[in-house]
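The values are calculated or read from the model by the stated rules, or taken from the named source; none is laboratory data. Note that this is a predicted model, so its numbers are computed, not measured. Because the Cβ atoms are built from the backbone with ideal geometry, glycine has one as well, and the counts that use them run over all protein chains shown.
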Amino acid sequence: MNDKIVPDERRPENRTDEELVAAAVNGDRDCAAELINRYVGIIRKRAMTFSGGLPDDLAQEGLMGLLGAVQSYDSSKEVDFSAYAMICVRNRMISAYRKQNSGVETVPQEQAEDTHDPADIPENIVLQREELNDLLSVIGSRLSQLELRVFRAYVSGASYDQIAKKLDISRKAVDNAMQRVRRKLKDSLE
């Protein structure tokens, strides 16, 4: 349980994306968790739009794109973080998709343009994977086994019904687990 009292306006869920990014870059894991929580649903949906791709792999690549966006975001450029982040996520997914499918061009039409992303540099890929693994390790240490299994399935793009069937639990149990995951991501990461 967290004993420190945070004024409502400074709580991560009450901050703008840009404020969360600035705090996350300075090591605030609560803010990093809030950003992931805000974007994971969008990333999952984007991963599902690729025909022939592996949604869980693409969702993981999308999360790495999000982490790359957090590290490389420049607020002085006067671009909203959400727009910048979605470009980084999209480009990371497109790159991974093309690698999975040996360059086959069946990328969703809205995402067909290709732009340079510094996240594609091999050294940056390794660093982002390490950061993602560190963050997932912290997340994993805070969650129960069931919560972790539900969270992983959710991030990979599975619906609540699919998760319930796969784990042989009720849809309500999945929903309850995800509510606990969200709460722990917001309140327990230090």
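Things worth noting here:
- Pairs with Cβ under 7 Å, 6+ apart, first in region 76-100 and within 16 Å of Pro55 (Cβ to Cβ), second outside any loop (DSSP other than H, G, I, E, B) and of a type in the set (Lys, Arg): Val89/Arg46; Arg90/Arg46; Met93/Arg46
- Contacts under 7 angstrom Cβ, first residue in region 172-190 being farther than 14 Å from Leu148 by Cβ, partner aromatic (Phe, Trp, Tyr) and modelled with pLDDT of 85 or more, 6 or more apart: Asp175/Tyr160
- Close pairs from region 41-59: first modelled with pLDDT under 85 and outside any helix (DSSP H, G or I), partner buried (at least 16 other Cβ atoms within 10 Å of the Cβ) and of a type in the set (Phe, Trp, Tyr), Cβ under 8 Å, at least 6 apart: Phe50/Tyr97; Gly53/Tyr97
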